[in-house]
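Enquirer: Can you keep this structure in mind? I'll have questions shortly.
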């Protein structure tokens, strides 16, 4: 092979060494990623297995407590439960199971589930999350405590309404509605809190799902300068089918210049065959 | 080398050019992967608490039309339409556009969904081939279904016909044979509810490979790595493109494509732009580029949103001949879009699109296969002439190979820490195995298909090429 002395002597050897080291580094990185993926995958499968085991355990305990009329003291002394109750994975699975059952049952059953949440100590797991500095943990804590109706945490939850993260604020708002009803939103009548359509759909969902009763004076929200609060009021009037406010809505329709509000009110009144 | 200064300098410069090009490509991949990683992490942190079903509580949720063009889909169309009608959403309808099928699609649809010809007048907001009839179901259970029967005009023409028929302000254009996540519309619509200030003109999401997955009644039940080797390699390819590529482009506000398999559009803007271009085979990419260009030129604040959740599952080609046609068509689509919008290249008026996205597509998507071919030819020439440093050659080959494998491993890792769709260890190992072989067996083929696409463009081939699908719902072997 013929060669250019300049290229052969100065370029190739230095370059070869460089490429060799880079290639080794890249290859090693590939291997590291593969091993990490494999380890994570194995850990995930193991966690799934444990989750299934804990799920069966907590369901067994809760069904005994709810339907076989075993006392709380009795079920909390189950050796399997005592063994794992301090493990965070178990606590997470247990709270999830409690919430799922709470969604499906009402009346005395849901009260008993709320009592279990408190008495079993699982509530401390959620409170610890609520007190955390990490916003996803706070959201989780707020959601658990409000869904399982932990009244004692109300003020602590409410204090997070000024949290800088939007998702925390929204979750707190939903929690307050679950725990205190629509009146909780009315408190924001004079605020500049912007409730976009996504937040409003979450509020309406919460109201429907938790069967939150209509407040006596829903029209108060129509007086707000905050158009997003007014829009929510219109949607709530529509949901509760409060015919006594249709005149107020009709008047508002004529006065407002906000196109979105006009459209929404027109739709509500059209559905009720109310003539504007 | 040759001893002839002129030739030696040329070879030397060419080598450096290839090296610089390769370094640029690899660096850009790494940068995009890093951006994607951070964006995905942030997205999942935000979205782990999202209850998409909440959107169903809103009576005034965005009204959406799912437009599904169908051509000779008679064998599977009923099942596919049923699956579309079962999507979780409150304000939507399904518009199936029978694009002059040669089979009995329209008769099958009429019988299955009790269709009757409607009196609706077809208004051509966008010019299309003639519409033979618009059908609606006489059965209230299928009240959300509209079927448009028209003369054959291609996918873009069928989508335009659907756009003409819909009265809803938002469109979701889909491939009728794709398996959609039941919450697809909830996820696509959410950004429109959150928009403040900027108008959302489009949302798009991730397409994944459904071969060998367990699908029952039009619903994805279990995700599995494909049994077919070629389809399995494409899983890796899709993971790299969607997880490590598009997520980053979305973050950089430089997304130039929303997959034709499914994407949601603001109808008003799409109409103002003239709808889908029927003269290109890359109508999905072309429309989004045109819409973005339009918004910039009109100085209207806008956004294009990307949803990284796997929402759409498609059947990947399992034969080299079909895959070749598909990839050649993609390349032709890319060429056509880049040529149509060449004004954007390095034009600061178009911001990220003009200064980053367009040049990236031009140099790293369009030119890359050509550069690879040139590199290969020069290498052969050097081998024949005996001017090659074999040690350096193999070292460099090893480096490039390692990089490709590393990138696939990063994609697999990202999938494992994010969506975790492949639940079985066996699938992970299968995918790792093809990731090791991909640079040797698959990549050269995609380069060939892309070059063939260039050739077809030069020779004036405008066809789509038959895309024979095997269909879902088979036992995975």
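Read-outs throughout are calculated quantities, based only on the coordinates presented, and are distinct from any laboratory measurement. Just so it is clear, the model here is predicted, and its values are computed rather than measured. Cβ: placed from backbone, ideal geometry, glycine included. Neighbour counts: every protein chain shown.
Enquirer: How much space per residue, in cubic angstrom, does the convex hull of the C-alpha atoms of the stretch A:1-143 take up? Before the final figure, lay out the partial values.
Expert: On the way: hull volume 25.3 nm³, N = 143.
Enclosed volume per residue, from the Cα hull, is 177 Å³.
Enquirer: Shifting gears a bit: When only alpha-carbon atoms are used, what values of Rg and Dmax, in angstrom, describe the stretch A:41-99?
Expert: 12.1, 41
Enquirer: Okay, moving on. If you take the square roots of the eigenvalues of the alpha-carbon gyration tensor of the stretch B:1-115 and sort them as a ≥ b ≥ c, do you get rounded (a/c under 1.5), prolate (a/b over b/c) or oblate? Mind showing how you got there, number by number?
Expert: Working: a/c = 5.42, a/b = 1.81, b/c = 2.99.
Oblate.
Enquirer: What fraction of the DSSP beta bridges in the protein assembly as shown is antiparallel, stated in percent and rounded to the nearest 5?
Expert: Counting DSSP beta bridges with both partners in the protein assembly as shown, the antiparallel share is about 45 percent.
Enquirer: Take peptide B:394-407, look around each residue's Cβ out to 10 angstrom, count Cβ atoms belonging to other protein chains, and average those counts. Intermediate results must be reported in sequence, preceding the final value.
Expert: On the way: counts 1, 8, 6, 2, 6, 10, 3, 4, 10, 6, 2, 7, 10, 4.
Mean partner shielding for this stretch: 6.
Enquirer: Just want the ordering: B:340, B:203, from fewest to most Cβ atoms lying within 10 Å of their own Cβ.
Expert: Starting with the residue having the fewest Cβ neighbours, the order is B:340, B:203.
Enquirer: If you don't mind, another one. Report the rotationally averaged projected area of the protein assembly as shown based on its alpha-carbon convex hull, in square nanometres.
Expert: 38.2 nm²
Enquirer: To the nearest whole number, what is the average tally of beta carbon atoms from other chains within 10 Å of the beta carbons of peptide B:45-51?
Expert: The mean count of partner-chain Cβ atoms within 10 Å per residue comes to 5.
Enquirer: Treating the Cα atoms of chain B as identical point scatterers in vacuum, please give the log10 of the normalised Debye intensity I(q)/I(0) at q = 0.06, 0.09 Å⁻¹, two decimals.
Expert: -0.28, -0.63
Enquirer: Rounded, prolate or oblate: pick one for the stretch B:143-211, where a ≥ b ≥ c are the square roots of the eigenvalues of its C-alpha gyration tensor, a/c under 1.5 means rounded, and failing that, prolate if a/b is larger than b/c, else oblate.
Expert: oblate
Enquirer: On to the next question. Can you pull the Rg over Rh of the stretch A:169-228, Cα-only, Kirkwood?
Expert: So for the stretch A:169-228, dividing Rg by the Kirkwood Rh gives 0.92.
Enquirer: May I ask for the angle, rounded to the nearest 10°, between helix A:107-119 and the longest principal axis of chain A, with both axes built from Cα atoms and the value confined to 0 to 90°?
Expert: 50 degrees
Enquirer: Something else about it: From the helices alone, meaning DSSP H stretches of at least four residues, give me the mean residue ellipticity at 222 nm for chain B, per-run term -39500 (n - 2.57), in deg cm²/dmol to the nearest 500.
Expert: Taking each H run of at least 4 residues, the total per residue is -15500 deg cm²/dmol.
Enquirer: Could you please rank B:413, B:320, placing first whichever residue has the fewest other Cβ atoms within 10 Å of its Cβ?
Expert: Lowest to highest Cβ neighbour count: B:320, B:413.
Enquirer: Once you have the Cα-Cα distance between residue B:345 and residue B:104, take 0.36 nm times their residue separation minus that, and quote the gain in nm to one decimal.
Expert: Details: separation 241, 0.36 × 241 = 86.76 nm, distance 4.60 nm.
Once the chain is fully extended between residue B:345 and residue B:104, it gains 82.2 nm.
Enquirer: Mind listing P(r) for the stretch A:209-276? All alpha-carbon pairs, 5 Å bins, whole percents.
Expert: Pair shares across the bins are 3, 17, 34, 25, 14, 5, 1.
Enquirer: When DSSP beta bridges are limited to those with both residues in chain B, what percentage is antiparallel, rounded to the nearest 5?
Expert: If we restrict to bridges inside chain B, about 45 percent are antiparallel.
Enquirer: Here's a follow-up. How much length, in nm to one decimal, is gained on full extension between residue B:20 and residue B:398, taken as 0.36 nm per residue of separation minus their Cα-Cα distance?
Expert: 134.4 nm
Enquirer: Whole Å is fine, so just give me how far the alpha carbon centre of the stretch B:284-330 lies from that of the stretch A:140-202.
Expert: Measuring centre to centre over Cα atoms gives 39 Å.
Enquirer: To make sure I understand, if each residue's beta carbon is the centre and we count other beta carbons within 10 Å, what order do B:438, A:183, A:46 fall in, fewest to most? Intermediate results must be reported in sequence, preceding the final value.
Expert: Details: B:438 23, A:183 15, A:46 10.
Ordered by Cβ neighbours within 10 Å, fewest first: A:46, A:183, B:438.
Enquirer: Would you please report the Å³ per residue occupied by the convex hull of the alpha carbon atoms in the stretch A:102-247?
Expert: Considering the Cα atoms of the stretch A:102-247, their hull volume per residue is 110 Å³.
Enquirer: Here's something else I'd like to know. Given only helices, namely DSSP H runs of n ≥ 4 each adding -39500 (n - 2.57), what is the per-residue ellipticity at 222 nm of chain A, to the nearest 500 deg cm²/dmol?
Expert: -22500 deg cm²/dmol
Enquirer: Angle between the Cα long axis of helix A:227-240 and the longest principal axis of chain A, 0 to 90 degrees, nearest 10?
Expert: 70 degrees
Enquirer: P(r) tail for the stretch B:28-79, what percent of Cα pairs lie past 14 Å?
Expert: 75 percent
Enquirer: In addition: Over every pair of different alpha-carbon atoms in chain A, take the mean of 1/r and invert it; report that Kirkwood radius in Å.
Expert: Details: mean 1/r = 0.0430 Å⁻¹.
About 23.3 Å for chain A.
Enquirer: Within a 10 angstrom radius of each residue's Cβ in B:417-429, how many Cβ atoms of other chains show up on average? Whole number is fine.
Expert: If you average over the peptide's residues, the count of other-chain Cβ atoms is 2.
Enquirer: Then there is this: What's the angle, to the nearest 10 degrees (0 to 90), between helix B:155-165's Cα axis and the longest principal axis of chain B?
Expert: Its long axis makes an angle of about 30 degrees.
Enquirer: Something else: Please report Rg (one decimal) and Dmax (integer) in Å for the Cα set of the stretch B:214-334.
Expert: 16.4, 49
Enquirer: Next question. Taking the Cα atoms of the stretch B:335-454 alone, what are Rg (to one decimal) and Dmax (as a whole number) in Å?
Expert: 18.6, 52
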